[in-house]
Amino acid sequence: MTYVVIVYMPIVSMKPVKQKKKMVGKALKKMVNGMIYVQSAKEIIMLTKMWKHFKTICKHKWYVFLECRKMGITWQGITHDLSKLRPCEFIPSAKYYTGTSSPVANERNAIGYSYAWRHHKGVNMHHWQWYIDPDGWDENGQVIINPAPMPDKYIKEMYCDMVGAAKAYGNGSAKDYYLKFQNEWVLHSETKEKFEKLLGV
Ligand SMILES: [Zn+2]
């Protein structure tokens, strides 16, 4: 009887510990696997967005290049929008890529401003925003913006950008786009005249 008790007790006391260890081990494994899985899924989603955004850039660049060639500014056609490939523009744009709306607009909607656009307009002279010069406020509290004239080669690139974008994204003509947003554009009078002549406005 004594013999049975001595042998039996350790078996009874060890069993739950072993089971517990096994359960904890399984739970840990499941948790680690789960974390790896979630991380990988996020990475796959981001990589897919990066690839799709890259393809969009290439498509847009190709149509702009064709227009630039027609306008005799081939080199600008090659270098157009290359800053979109820099990490400071590429990463936020890929993050907010949807395929149906502008990543810049999506970034603005999400955080109130766009880091990608802030850099883009600052280094690309084919955007009219490059030429605006805010200078204090008028008596009505409106910011005074003095637009500088754009060099002709950049007016041409801006035109090619709009025509190329319309062809790449198939969202109407460049002229229609300009007529829709012209009141929001701040152009120097000379720039406005030359640009509208190109568009046929
Ligand atoms: Zn651009």
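The values are calculated or read from the model by the stated rules, or taken from the named source; none is laboratory data. It should be emphasised that the depicted structure is a prediction, and the values quoted were computed from it without experimental measurement. Note that each Cβ is placed from the backbone with ideal geometry, even for glycine, and that neighbours are counted across all protein chains shown.
Some observations on this one:
- Unique residue being farther than 20 Å from VAL64 by Cβ, within 14 Å of the ligand (Cβ to nearest atom) and in a helix (DSSP H, G or I) when the list is ARG118, ARG108: ARG118
- Every test in (1) more than 12 Å from the ligand (Cβ to nearest atom); (2) outside any helix (DSSP H, G or I); (3) on the phi < 0 side of the Ramachandran plot is passed by HIS126 save one, and that test is (1).
- Qualifying residue in region 35-49 (condition: modelled with pLDDT of 90 or more, among the hydroxyl-bearing types (Ser, Thr, Tyr) and closer than 29 Å to TYR97 by Cβ): yes
- Between ASP161, ASP176, the distinction of being crowded, with 19+ Cβ neighbours inside 10 Å and acidic (Asp, Glu) belongs to ASP161 only.
- Flag for GLY136 being loosely packed, with under 15 Cβ neighbours inside 10 Å and within 27 Å of LEU199 (Cβ to Cβ): no
- Answer residue from region 145-158, given it is under 12 Å from ILE132 (Cα atoms) and among the aliphatic types (A, V, I, L, M) and is surrounded by the fewest Cβ atoms within 10 Å (Cβ to Cβ) among those: ILE145
- Where ASP161 falls short, out of the listed (1) of a type in the set (Asp, Glu); (2) away from the ligand (no atom under 11 Å from the Cβ); (3) touching a residue at least 60 places away in the same chain (Cβ under 8 Å): (2)
- Residues (in a helix (DSSP H, G or I) and surrounded by 11 or more Cβ atoms within 10 Å (Cβ to Cβ)) located in region 179-192: LEU179, GLN182, GLU190, THR191, LYS192
- Total residues in region 68-99, condition in contact (Cβ under 8 Å) with a residue 40 or more places away in the chain and either touching a His at 6+ places or on another chain (Cβ under 8 Å) or within 13 Å of the ligand (Cβ to nearest atom) (or both): 10
- Residue count for region 126-152 satisfying the condition of being over 15 Å from ASP81 (Cα atoms) and modelled with pLDDT of 95 or more: 6.
- When every residue of region 68-75 is checked against the conditions, none turns out to be crowded, with 18+ Cβ neighbours inside 10 Å, modelled with pLDDT of 95 or more and within 21 Å of VAL186 (Cα to Cα).
- Set GLN142, GLN129: member being more than 28 Å from LYS52 (Cα to Cα) and either among the polar types (S, T, N, Q) or surrounded by fewer than 18 Cβ atoms within 10 Å (Cβ to Cβ) (or both): GLN142
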